[in-house]
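The values are calculated or read from the model by the stated rules, or taken from the named source; none is laboratory data. All figures in this text were calculated on a predicted structure; none of them were measured in a lab. No Cβ is skipped: glycine too gets one built from the backbone with ideal geometry, and neighbour counts run over all protein chains shown.
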Amino acid sequence: MAWLRAGCGAAKSALRRALSQGRSDVIRMRIFQSQTRFFHSTPSTFKAQTSPVPRPVPLSRLADSFLDGISSVYLEELQRAWEEDPNSVDETWDNFFRNFVGEAPKQGISGQTIQESMKLMLLVTAYQVNGHLKAKLDPLGFHQRQVPEVLKPEFYEFSEDDLDREFFIGVWKMSGFLSENRPVQTLRSILNRLEQTYCGSIGYEYMHIHDRDKCNWLRERIETPIPMEYSKERCKVMLDRLAWSTQFENFLATKWSTAKRFGLEGCEALIPGMKEMIDKSAALGVESIVMGMAHRGRLNVLGNVLRKPLRQIFNEFSGSAKPPVENELYVGSGDVKYHLGTSCDRPTLSGKQIHLSLVANPSHLEAVDPVVVGKTRAKQYYSDDMSRTKNMAILIHGDGSFAGQGVVYETLHLSALPSYTTGGTMHIIINNQVAFTTDPQSGRSSEYCTDVAKALNAPIFHVNGDDLEAVVHVCELAAEWRQTFHSDVVIDIVCYRRFGHNEVDEPSFTQPVMSKVIRSHPPVLEIYKKQLLESGKMTKEEIDGIQKKVNRILNEEFEASKSYVPHKLDWLEAQWAGLKSPDQAGQIWDTGVNKEILKDVGKAITELPEHLKAHKVVKKIYQQRSQMIETGQGIDWAFAEALAFGSLLCEEIHVRLTGQDVERGTFSHRHAVVIDQETEERYYPLKHVMANQKPEMFTISNSSLSEFGVLGFELGYSMENPNSLVLWEAQFGDFANEAQVIFDQFLSSGEAKWLRQTGLVALLPHGYDGQGPEHSSARLERFLQMCNDYPYEISTDPTRQLQECNWQVVNVTTPANYFHVLRRQVHRDFRKPLIVMSPKNLLRHKDCKSDLFEFDNVYEPRFKRILKDDSFHSNLEKGVRRLILCSGKVYYELDEERKKVNSNDLAICRVEQICPLPYDLIQQELKRYPSMFLRNDYFLRDIHISILKSNDES
């Protein structure tokens, strides 16, 4: 214990105080800290820190270089405290003193000492902490790792002569082999046990977990001698699954030798491992699993885990894919085979059914991670799975991307946040030991690609990909962990890539030595077949029968693929059934709400509990809102939003709003959560719109400081069910560029690529308002550049125009129009993303108010794509010689200037929806002012038509 050897007076004093007060938790913490330093020390450091022994320890026959005089004094104090009150020390110390002090020494244990037993316990703990560093993880044996000194007996001054000497280790109240009631063991038996447990084909990392119960749970399953022996029937199932995994890749390689497929060769054990994980999870209560993964092995997972018809996969490879029947014309632009997803229901070995879905994703590696987790959270909400045990996420990563992509951590750190947790995600890493062409030493700074997961206290299981039964074992253990502790777990399958990154690449260009080793290395199927034959569990005839069956079915599916035609598209299944695709005529319904309902909603969300001691400013805001609903006048932006949410909740529409600081609002305008100034009790008015309202029906939550991860999460959430309004608000619109991958690869293009609709709303605060250049512009031009609005055709059907666009972009200028555009998101039979250039200046602008009649279902029943200039009566329109089309807050600035100069020949029209541009309404607006034309409607004389945006934009 370095801090004791160094003679730290403060530390010793603290321990003495802790002993006198019975504070065993402090003692345990100090010991853990010192052990952690000790296990990571080098021998030279260790010996250099050893201080002279102040007095001899008579019972020791070995030179004591670890427990010096100071630590002996500490032990004596600890013993005295224990003698006075056994409960004043940790239970492990209680056991220790009972074994060595409270009882007579056992017969035949000559020379046993406290010091030796302490060293032995440290050796055991060293294996628990660092044994994975000695584990046989690399199937190629390519990367040789140095054995840590703390795993060598001589580090603790044990010699060869001590191997067969018996040591009294006592009986302990803890998990693992120390609890087996074998108080006397030889050093050799202890070392053999530790080597078999921690240094075989599996490397366990779990001692970084702070929770003692979790560590004990794992230790019990890791150290308890339950042999990983599988019955003949289990072995037959594993072999069958491994044969499918291997022969599927071989078949593709034979039939399409020049095609990119990102095959699984070198990690074929993934498929049987995943299937065992799914079977175990289903047996433990999981009913649905959402999966996300990158390219490698995707086709194998689609075919062999999600049961996508093999004939369909082969048909796509042949390039002869046909559109589906049943008059389904909506086929999208398509994407490469290894980006597509699917879903299925499949039976498990326990006889249960489980729903599996794989989310489509782009080439941006880990970008799908938060989308999968968000979709899983939504499934839990809609199935009332508040225990989070029925719906689960599995993410399959590459080693380079897991270590290198920031969104991995952005996703990991959402795992325990109340509004984002899914009860644990299963992470599987296909560890090629090379990322595309980059070696690990150039791709990460840590020992393992998984080290980022230690921040979550997630257990990490490293496993040799050539040991099929070890892979299966950790997959089952991971499933059991997730269902027990509802937290993330990581499986690192250390394997290799038999061919290049995409079969066309030549791996020997960049890793020639590794490639040479791989060429002579047998596949895992051959290794397992040999293992089964040698053990006598299966005969050669039985093995050959399985392989012949797989080959026969593959060939039959190949022949069937030549005439395969898909029967339907699965994109509008389940909750999405009945929604229209762009090739079908859709409808937009009225978004206005009955005035009496609005008043009831307004009263419900402005009344605060009497006992709640709200901040005086917040209380005043709610009083003003109460007056707004009472008089029906002066409704501001934030209250209009609250009325939109509340009215949707009355219609049983789920509303979810997240982002940085959304509860209060970045600009202190929303105050959707009222906090008691004395108790910090939190009150959510919108959770009390109706009696017996489901708590999560309205969800508003401040997010972590993440844009990429959180926006991806909300996108996934919005994709699960169309009967919801899901919103993400940026702290400032400028920060949306942190999530640009989600906007580019998913939100703007997901429907075209993968036929997946979403009604997600992105609120992006926008416009110079004294906040400086980093908080000024949501960069409207970027979103307009990504619009697919056709510029050379004037649409006369606004509904069709909306259906055919990839998303909508609006810059709204009145609270009522904001109310209607939010409600429009769910009041139509199709879904589109909505980008809102949220104002800052208009949140409190004196003229940016609406009256209640503008919200109702009589006077203003819909969102207005443009707001025409109502300051002119019909007889005055002839005098207008100039028309300005503008967007956003600049309207109020222009109007104010117009009033100053008393201009009567200038009209200002607000374009509220910029994409798709309302050509039909602009055309009608032009016709209102005949004085602008010379001879007819086709010639303009003096018209300035420009989409004027805020002052900060071009």
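Below are the figures for this structure:
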item	result
Selected residue [surrounded by fewer than 21 Cβ atoms within 10 Å (Cβ to Cβ), of a type in the set (Asp, Glu) and over 21 Å from the mean Cα position of the chain (by Cα)] from GLU738, GLU751, GLU781	GLU781
Restricting region 676-735 to residues that are of a type in the set (D, E, K, R) and free of Cβ contacts under 8 Å to residues at least 60 places away in the same chain, the residue that is surrounded by the fewest Cβ atoms within 10 Å (Cβ to Cβ)	GLU680
Listing of helices (runs of 4 or more DSSP H) fully contained in region 483-568 that carry 1 or more residues being on the phi < 0 side of the Ramachandran plot, modelled with pLDDT of 95 or more and touching a Lys or Arg at 6+ places or on another chain (Cβ under 9 Å)	524-535, 540-561
Long-range neighbours under 7 Å by Cβ, at least six apart or interchain, first residue assigned by TED's automatic domain parsing to the domain that holds CYS848 and in contact (Cβ under 8 Å) with a residue 60 or more places away in the chain within region 616-633, second among the aliphatic types (A, V, I, L, M) and part of a helix (DSSP H, G or I)	GLY632/LEU852
Meets criteria (in contact (Cβ under 8 Å) with a residue 40 or more places away in the chain, in contact with a Lys or Arg (Cβ under 8 Å, 6 or more places away or on another chain), not in a loop (DSSP other than H, G, I, E, B) and not charged (D, E, K, R)) for LEU477	yes
Condition broken by THR197, with the remaining ones in (1) outside any helix (DSSP H, G or I); (2) modelled with pLDDT under 95 satisfied	(1)
Some residue of region 904-914 being polar (S, T, N, Q), at pLDDT 90 or above and either part of a loop (DSSP other than H, G, I, E, B) or assigned by TED's automatic domain parsing to the domain that holds SER748 (or both)	no
Residue within region 652-666 that is among the acidic types (Asp, Glu) and part of a helix (DSSP H, G or I) present	no
Residue in region 222-250 that is nearest to GLU476 (Cα to Cα), counting only those that are charged (D, E, K, R) and either in contact (Cβ under 8 Å) with a residue 24 or more places away in the chain or in a helix (DSSP H, G or I) (or both)	ARG234
Scope region 824-860; condition in contact with a Leu (Cβ under 9 Å, 6 or more places away or on another chain) and assigned to a helix (DSSP H, G or I); matching residues	ARG824, LEU852, PHE855
Scope region 871-927; condition β-branched (Val, Ile, Thr) and over 25 Å from THR799 (Cβ atoms); matching residues	VAL880, ILE884, VAL890, VAL901, ILE908
Given (1) surrounded by fewer than 24 Cβ atoms within 10 Å (Cβ to Cβ); (2) modelled with pLDDT of 95 or more, number of the condition VAL463 does not satisfy	(1)
Filtered residue count, region 607-639, keeping only those that are over 25 Å from VAL821 (Cβ atoms), charged (D, E, K, R) and assigned to a helix (DSSP H, G or I)	4
Complete set of residues in region 915-924 that are assigned to a loop (DSSP other than H, G, I, E, B) and in contact with a Leu (Cβ under 7 Å, 6 or more places away or on another chain)	PRO916
From LEU705, LEU715, LEU643, residue being assigned by TED's automatic domain parsing to the domain that holds ARG831, farther than 18 Å from GLY602 by Cα, of a type in the set (A, V, I, L, M) and touching a strand residue (DSSP E or B) at 6+ places or on another chain (Cβ under 9 Å)	LEU715
Residue match in region 370-378 (condition: crowded, with 16+ Cβ neighbours inside 10 Å, assigned to a loop (DSSP other than H, G, I, E, B) and in the same structural domain as ILE313 (by TED's automatic domain parsing))	no
Any hit, region 251-258, residues being without any contact (Cβ under 8 Å) to a residue 60 or more places away in the chain, in the same structural domain as VAL305 (by TED's automatic domain parsing) and not in a loop (DSSP other than H, G, I, E, B)	yes
